Amino acid sequence: MDILSVIERRGIVPVIKLNDAGDAVALCGALKRGGLPVAEITFRTSAAEESIRRVAESLPDVMLGAGTVLSIDQAKRAVAAGAKYIVSPGFNPGVVGWCIEQDVPILPGCSSPTDIEAALEFGLKAVKFFPAESIGGLPAIKAMSAPYGDVRFVPTGGINEKNLTEYLAFPKILACGGSWMVKDELVAAKDWDAIAELTRSAVSKMLGFDLAHIGINAEDGGEALLAAQAFSGMFGWAVKDGNSSAFAGPYIEMMKGAGRGSRGHIAVGVNSVLRAQSYLEGLGVKFLEAAPGAKAVYLQDEIAGFAIHLLQKS
């Protein structure tokens, strides 16, 4: 899997500024515990190169990038230290050219059509949009991206839990960069538990897990319809009769025969099947094979006789 695909599956890239390289491993470990084994360590301080080296050695499963890369020299040092991709605040043709020559993924900062077209000349398919909120936010991305169908964006700057899901709902957003879960005061206090909890909250907000509906296996179509009508009579939920099932409102799906699961199935709604599946796989959950881009994917194992599947929210 290529690095940009991994970034898309993570959805959020924590942007880190470190004054002490000795904090790097503990900080990235906290991000990993919170559900984000990915980080962008910025060259805003002299500790960046050593921080990258320590994380790359101690936490090789963390997808590590180098941010605020302003020169080819910085890019070389970052990659030598273990960075897997490069991020720059603006479009620097020298840095972009070197990264392409070395086959190192790069997300250059682009804030205008001119920048985007420069990126296209280098064959890039994804760019950083910075500083996102200060230059128009999501409406600006939507307007500017219209002529560039294949380009995707990683907005950074002003992203937080309040606007995160709105950004990620736009298909041309690859992921969002942010620093709200790695606040300077928490890093200075070495409060790794607080950082892990803020990260966990951000991931939960991004994924949006909730109960979509419960499917119950009936003997046949007649029993399924009668059960749906019974729920309707009690709770006023409208019955929608289909070929393979009958719904009582959006909550209960009565299957007309043996469906998935020995007892039935439970559908868990998510904001992104791709990101939710990636997150759960990181917890060791296994899935049945599904077509790329599927709106529903089933877990391999049942729980209490119920098959479980993720369901893309509309």
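How would you rank Lys128, Lys84, Lys183, Lys286, going from fewest to most other Cβ atoms within 10 Å of each one's own Cβ?
Fewest-to-most ranking of Lys128, Lys84, Lys183, Lys286: Lys286, Lys183, Lys84, Lys128.
Under a cut-off of 16 Å between alpha-carbon atoms, report the lysines in cross-link reach of Lys313, not counting same-chain residues fewer than 8 places apart.
Correct list for Lys313: Lys205, Lys295.
Val182: net charge of surrounding residues, Cβ under 11 Å, Lys/Arg +1, Asp/Glu -1, itself excluded?
Taking every Cβ under 11 Å from that of Val182, the sum is -3.
Only Cα pairs under 8 Å and at least 6 apart count here; give the relative contact order of the chain as a rounded whole percent.
14 percent
Taking the dipole about the Cα centre of the chain, with the C-beta of Lys and Arg at +1 and of Asp and Glu at -1, give me whichever of Cys176, Val297, Leu18 is farthest to the positive side.
Toward the positive end, the furthest listed residue is Cys176.
Below 17 Å, Cα to Cα, which lysines can Lys128 reach? Residues fewer than 8 away in the same chain don't count.
The qualifying lysines are Lys84, Lys142, Lys172.
Rounding to the nearest 20 debye, state how big the charge dipole of the range 1-140 is about its Cα centre with +1 on each Lys and Arg Cβ and -1 on each Asp and Glu Cβ.
Dipole size: approximately 360 debye.
Please list 3J(HN,Hα) in residue order for the range 241-254, calculated via the Karplus relation 6.51 cos²θ - 1.76 cosθ + 1.60 where θ = phi - 60°; whole Hz, with x for glycine and proline.
With coefficients 6.51, -1.76 and 1.60, one gets 8, x, 5, 10, 7, 10, 8, 10, x, x, 9, 10, 10, 8 Hz.
How big is the range 3-206 in terms of Cα radius of gyration and Dmax, in angstroms?
Cα radius of gyration and Dmax of the range 3-206 are 15.8, 46 Å respectively.
Would you calculate, for the chain, the mean residue ellipticity at 222 nm contributed by helices, counting each DSSP H stretch of 4 or more residues as -39,500 (n - 2.57) and dividing by all residues, to the nearest 500?
The helix contribution divided over the chain gives -11000 deg cm²/dmol.
Which of Tyr167, Tyr251, Tyr298 moves the most in a Gaussian network model of the chain with Cα springs under 10 Å?
Tyr251
For an R0 of 51 angstrom, estimate the FRET efficiency from the Cβ-Cβ distance between Glu185 and Ala291 and round to the nearest 0.05.
That pair, Glu185 with Ala291, gives E of 0.65.
Of the residues Ile52, Ile159, Ile252, which exhibits the maximal mean-square fluctuation in a Gaussian network model of the chain defined by a 10 Å Cα contact cut-off?
Ile252
Once the Cβ-Cβ distance between Thr165 and Ala230 is put in as r, and R0 is 45 Å, what FRET efficiency do you end up with, to the nearest 0.05?
That gives a FRET efficiency of 0.80.
Please identify the DSSP H helices in the chain that span no less than 18 Å along the helix axis (Cα) and have a mean Kyte-Doolittle hydropathy of 0.5 or more.
Taking the DSSP H segments of the chain (at least 18 Å long, mean hydropathy at least 0.5), we get 221-235.
State the extension gain, in nm to one decimal, for the chain segment bounded by Lys125 and Lys313, taking 0.36 nm per residue of separation less the distance between their alpha-carbons.
Stretched out fully, the Lys125 to Lys313 stretch lengthens by 65.0 nm.
Return the percentage of antiparallel bridges among DSSP beta bridges fully within the range 210-312, rounded to the nearest 5 %.
60 percent
If neighbour count is taken as other Cβ atoms inside 10 Å, put His213, His265 in order from fewest to most.
Lowest to highest Cβ neighbour count: His213, His265.
Less than 20 Å apart at the alpha-carbon level, and either on another chain or at least 8 residues along: which aspartates and glutamates does that give for Lys162?
Glu8, Glu133, Asp184, Glu197, Asp210
Where does the range 210-312 land on Rg/Rh, using Cα atoms and the Kirkwood Rh?
Here Rg/Rh amounts to 1.01.
Please list, in chain and number order, the residues 5+ apart from Ala212 or on another chain whose amide H is under 5 Å from its amide H, with Hs placed from the backbone.
Ala267, Val268, Gly269
Just how far, in whole angstrom, is the range 174-201 from the range 128-148 if you go by their alpha carbon centroids?
So the two Cα centres are separated by 25 Å.
Readers should treat all values here as calculations from the given coordinates under stated rules, not as data from a laboratory. It should be emphasised that the depicted structure is a prediction, and the values quoted were computed from it without experimental measurement. Counting neighbours? That spans all protein chains shown, and the Cβs are built from the backbone with ideal geometry, glycine included.
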